[in-house]
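Since the structure comes first, as structure tokens, the remarks are kept for the end.
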4 protein chains.
Amino acid sequence: MCRWLAYSGTPVLLDTILYKPSHSLIDQSLHSRLGVETTNGDGFGIGWYGQDLDTPGVFRDIGPAWSNRNLREIADHVRSHLFFAHIRATTGTAVQQTNCHPFRHGRWMWMHNGAIADFHRIRRDLALAVDPQLFLDMEGSTDSEMMFFLAMTFGLEKDPPSAVARMAGLVEQVGHEHGVEFPLQMTVAVTDGERLWAFRYSSEGHSRSLFYSTAVETLRALHPDLEFLREVSDETRLIVSEPLGEMPGAWNEVPESSYGVVQHGEDELRSFVPQAA
Amino acid sequence: MCRWLAYSGTPVLLDTILYKPSHSLIDQSLHSRLGVETTNGDGFGIGWYGQDLDTPGVFRDIGPAWSNRNLREIADHVRSHLFFAHIRATTGTAVQQTNCHPFRHGRWMWMHNGAIADFHRIRRDLALAVDPQLFLDMEGSTDSEMMFFLAMTFGLEKDPPSAVARMAGLVEQVGHEHGVEFPLQMTVAVTDGERLWAFRYSSEGHSRSLFYSTAVETLRALHPDLEFLREVSDETRLIVSEPLGEMPGAWNEVPESSYGVVQHGEDELRSFVPQAA
Amino acid sequence: MCRWLAYSGTPVLLDTILYKPSHSLIDQSLHSRLGVETTNGDGFGIGWYGQDLDTPGVFRDIGPAWSNRNLREIADHVRSHLFFAHIRATTGTAVQQTNCHPFRHGRWMWMHNGAIADFHRIRRDLALAVDPQLFLDMEGSTDSEMMFFLAMTFGLEKDPPSAVARMAGLVEQVGHEHGVEFPLQMTVAVTDGERLWAFRYSSEGHSRSLFYSTAVETLRALHPDLEFLREVSDETRLIVSEPLGEMPGAWNEVPESSYGVVQHGEDELRSFVPQAA
Amino acid sequence: MCRWLAYSGTPVLLDTILYKPSHSLIDQSLHSRLGVETTNGDGFGIGWYGQDLDTPGVFRDIGPAWSNRNLREIADHVRSHLFFAHIRATTGTAVQQTNCHPFRHGRWMWMHNGAIADFHRIRRDLALAVDPQLFLDMEGSTDSEMMFFLAMTFGLEKDPPSAVARMAGLVEQVGHEHGVEFPLQMTVAVTDGERLWAFRYSSEGHSRSLFYSTAVETLRALHPDLEFLREVSDETRLIVSEPLGEMPGAWNEVPESSYGVVQHGEDELRSFVPQAA
């Protein structure tokens, strides 16, 4: 299993979110509290959008995030208004750069915590369902990348919630065909650089943790002394595998079987149901 | 493209073959003379059989062989009677451990120099031809690993020359279906720990270089002063992408479209023709 | 801080000791029970003596031991009668191969768990005390390597206990000069390939844990069903940072301020007192 | 030996300078024309100043630059008005991150091509000359880092040409004391984020190559069709180990025993003479 965070809002140095909080993602790489594993040391990645470039930059490496000096450097010197960060604990697939999140295709990024149950056995059937043109761009061996490519096959770039629902539907169908009771366990973040979708779902109805930050104006009222809250816009939002700190009122659980949309204007929170692919 | 060597004979420290010769494989990683690229710095690997273990040990790493201290250590401290060594120059696929040669399955090892032309485009069709049970064990993204798994699908463990011929036939057939004029370029070594097969073939009839060492007794007569030659058995044999040194009479080119078998008793050299898969 | 083990006895596949036990060193890399840190993922190393080579082979790499496939391969294919293994949790110095244990000089190997307090500040003074000829061979930046080179400066190759005592004495003297109350905390293993010394000491008299295995014949009487115990010689001995499993009667704590010698014939356990350098 | 480039001028994506030119630094990592080695694959680094941060970001990694995907990502997504890039071919010291250039201290960066002759032997004497406070921050084992720390000891932050001259003087003095005829061979770039100094010197008067780009307005007159030249400011300047392309009139050799200063207003070119330290 893994841990991740997604940030959208006022441009900040990545360090502000990645390292500064008391229970930061980097701290979680050594001491996760809510994850299946306390240690997430099997590679990591960040992906960020700049001011004027369409495609996000992606920096991924094997080895633990906690000791990676290059990650520290980038966090200290790169600003972004929308970025992903992910720390990995492999469920069996190789520790290699092409298995690190986030995955990118054109302007889209995808990251995932969870697993396709018995992925080893159903991997081939899922691979056959990937659009042959897209198949050419798959480089790694993880269930997470497969989910991304299936979602793209099902129209991610046009309608992300529907594409993810069809991906989930296919995984469950193929899993059931192979006798897997609960084929899917996932929290997924996906973005096109404008909007950000976050999904929480599992076949057994007992999904990995996922939280979103409270509206900034509410937080400002609760914590009038926090300078950081005065500096960021009302629309700033964080979605995380587990809370980054202990600030009362700051975090809300994403409900089971639902997804949220972070966007200009009002954010949304909706229920999520897999669809027949 | 890449460079490789295969050794079979009297047990030696790997160092004797890997580092000691004047134009050793390690030297070739920086200064290949006959390769498509002079530099082979995109990962490397060795695989060796021990005295009493069925399965070979495999040590593979990303980065250049020339500066790898662990390779130096293993070469200085491990003996083997049958081992492979490979240095990689990627033709596009990722530099990662699962793309480094030799590949292993059970007691079998495989390594390759060459390429499937337009592999990116025909990869999916080839993947579909791999036995579904074997497909589960593919970890990397190279044409070389795909060739290995296709050969296993076609019975490598029972009849290596026939399985490799059918693999080559399938690659050519699928390539031609996609409009590729010369789909295959290969020099391949494969072993089960007892016998060693080496293939040289290309669709265009202009294959990468491959050499085998002259019979030890002939070499002893030519070079009575060389102590190394007195220490190794008559059956000792090397097969290499390019000669390891300048010793007159030591190296013979494997002919176009042929394969050799290194085994107890007389070695063999036969012609190679792809077969309809 | 770190974890380590030293094995001396009947030649075994490294795997037998490194991976097989229920709370193996590899398990400790993720879930140490007695260490200062539960995670030891900042590099690792093994060093082993072969049958007929004077100098040990050393395999060290950055990144965690738990996911390193090459370590797994070597453990599955290399046998040794005397070997060291070490997993590292850095106390600040860089994660790099030259900072991984064991350190080697000629036929000698050294590994360490602990720290020189305020090493950053007193490093230069200690470096000045290293024999100028030996200084040339220092490659890393750890306190552990410095301790090894100081011990060599003080005659490690002639009288290890005395050399280590003088090293400890110097560290304490220089530390005190810089106002450090408790300059040294160490468990150290050192060997020349024949004998094996293990030291437990700290300036504050509260040292990191260290255990040695009970005499094999006693263990055989306690556990007559364990096949492994029937296969190894009476002289087989393990020294470990923390017990590898739950076998009753198997482990004895090395007392505070003492050292043990594993050797042909009777092993020894003696008190350790730093000496004026 | 190594290759490097230093850029100062209109902010550009690093890619523009690092990858786009026909004989780019990345191309030089495989096919250097003027270097001592054609291959520079033993690590690399970049360092860049952002708009509003004092301290440069530094990204360094082991392994070759040509296959490093993270370098490619950063080059595609980071802009800078002043940056260094370096590719390394080790002259013997370990391939590790702390030995990769550029080296940084506070807001200062340093990179080097060349070598201190017999560094192994005179390293200790040079280390003793480093300011004890600065000594604490040395992390690697190269002659290049040593030169940087000696220059800081001699007042780099106040008067770079004088500090570098005293460093060179000391290296020559200590080298001569050890019987080394030509102790120093160097091309060095150093910057504080405002100004950029580049030195070319060797004890034997036969230094590694170094070039600076012709004034932009001159180049514009020569090549009125080149869009890139219309986009960059008059003050834009490149200093490189070897020319990045074949553009006639673009490159001028830095004379033997001289240094240049790139700064607001007129740049300078002066002679360089080592001084007694």
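The values are calculated or read from the model by the stated rules, or taken from the named source; none is laboratory data. All values derive from a computational prediction rather than experimental measurement. We place every Cβ from the backbone using ideal geometry, glycine too, and count neighbours over all the protein chains shown.
For this structure, a couple of remarks:
- In summary, C:Arg124 fulfils each of the numbered conditions (1) within 11 Å of chain B (Cβ to nearest Cβ); (2) among the charged types (D, E, K, R); (3) surrounded by fewer than 21 Cβ atoms within 10 Å (Cβ to Cβ) with the single exception of condition (1).
- Qualifying residue in segment C:215-227 (condition: among the charged types (D, E, K, R) and under 20 Å from C:Leu14 (Cα atoms)): yes
- Scanning segment A:30-46 for residues that are more than 9 Å from every other protein chain (Cβ to nearest Cβ) and not in a loop (DSSP other than H, G, I, E, B), we see that the one that is surrounded by the fewest Cβ atoms within 10 Å (Cβ to Cβ) is A:Gly45.
- Output for segment C:75-93, where each listed residue is of a type outside the set (Gly, Ala, Ser) and either more than 10 Å from chain B (Cβ to nearest Cβ) or touching a Gly at 6+ places or on another chain (Cβ under 7 Å) (or both): C:Asp76, C:His77, C:His81, C:Leu82, C:Phe83, C:Phe84, C:His86, C:Ile87, C:Arg88, C:Thr90, C:Thr91, C:Thr93
- A:Gly50 being touching a helix residue (DSSP H, G or I) at 6+ places or on another chain (Cβ under 6 Å) and either at the interface with chain D (Cβ under 8 Å from one of its Cβ atoms) or outside any loop (DSSP other than H, G, I, E, B) (or both): yes
- Selection status of D:Phe119, surrounded by 22 or more Cβ atoms within 10 Å (Cβ to Cβ) and touching a Phe, Trp or Tyr at 6+ places or on another chain (Cβ under 7 Å): no
- Residue selected from segment A:251-277 under the condition closer than 14 Å to A:Gly9 by Cβ, of a type outside the set (S, T, N, Q) and surrounded by 15 or more Cβ atoms within 10 Å (Cβ to Cβ), by the criterion modelled with the highest pLDDT: A:Val262
- Members of segment A:173-184 found to be under 26 Å from A:Phe211 (Cα atoms) and surrounded by 22 or more Cβ atoms within 10 Å (Cβ to Cβ), listed by number: A:Pro183, A:Leu184
- Residue list for segment A:198-224, restricted to those being under 30 Å from A:Phe148 (Cα atoms) and loosely packed, with under 15 Cβ neighbours inside 10 Å: A:Glu204, A:Gly205, A:His206
- Exclusive hit being within 11 Å of another protein chain (Cβ to nearest Cβ) and at positive phi, set A:Gly63, A:Gly140, A:Gly57: A:Gly63
- Test for D:Ser144: is it in contact with a strand residue (DSSP E or B) (Cβ under 6 Å, 6 or more places away or on another chain), buried (at least 20 other Cβ atoms within 10 Å of the Cβ) and farther than 21 Å from D:Gly47 by Cα: no
- Single residue of B:Phe182, B:Phe211 found to be under 20 Å from B:Asp267 (Cβ atoms) and among the aromatic types (Phe, Trp, Tyr): B:Phe211
- Elements of the type strands (runs of 3 or more DSSP E) sitting completely within segment A:206-277 and holding at least 1 residues that are more than 22 Å from A:Leu82 (Cβ to Cβ): these cover A:251-253, A:268-271.
- With respect to being more than 11 Å from chain A (Cβ to nearest Cβ) and small (Gly, Ala, Ser), B:Gly155 fits the description.
- Meeting the requirement of 1 or more residues that are under 21 Å from A:Pro56 (Cβ atoms), polar (S, T, N, Q) and in contact (Cβ under 8 Å) with a residue 60 or more places away in the chain, the strands (runs of 3 or more DSSP E) wholly within segment A:71-157 are A:79-88, A:108-116.
- For segment B:17-24, the count of residues that are of a type outside the set (Gly, Ala, Ser) and either within 14 Å of chain C (Cβ to nearest Cβ) or touching a strand residue (DSSP E or B) at 6+ places or on another chain (Cβ under 8 Å) (or both) is nonzero.
- Residue within segment C:225-238 that is at pLDDT 90 or above, exposed (fewer than 13 other Cβ atoms within 10 Å of the Cβ) and under 16 Å from the mean Cα position of the chain (by Cα) present: no
- Evaluation of B:Arg60 against (1) of a type in the set (Lys, Arg); (2) part of a helix (DSSP H, G or I); (3) touching a strand residue (DSSP E or B) at 6+ places or on another chain (Cβ under 6 Å) (one fails), failing number: (2)
Here is a yes/no grid of residues against (1) at pLDDT 95 or above; (2) over 22 Å from C:Tyr7 (Cα atoms); (3) small (Gly, Ala, Ser):
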residue: C:Ala89; (1), (2), (3): no, no, yes
residue: C:Thr93; (1), (2), (3): no, yes, no
residue: C:Gly106; (1), (2), (3): yes, no, yes
residue: C:Trp110; (1), (2), (3): yes, no, no
residue: C:Ile116; (1), (2), (3): yes, yes, no
residue: C:Leu126; (1), (2), (3): yes, yes, no
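- Of the residues making up segment A:27-53, those that are under 18 Å from A:Ala6 (Cα atoms) and modelled with pLDDT under 95 are A:Asp27, A:Gln28, A:Ser29, A:Ser32, A:Leu34, A:Gly35, A:Asn40, A:Gly50, A:Gln51.
- For segment C:189-204, a tally of residues being out of contact with any Lys or Arg (no Cβ under 6 Å at 6 or more places or on another chain) and assigned to a loop (DSSP other than H, G, I, E, B) returns 4.
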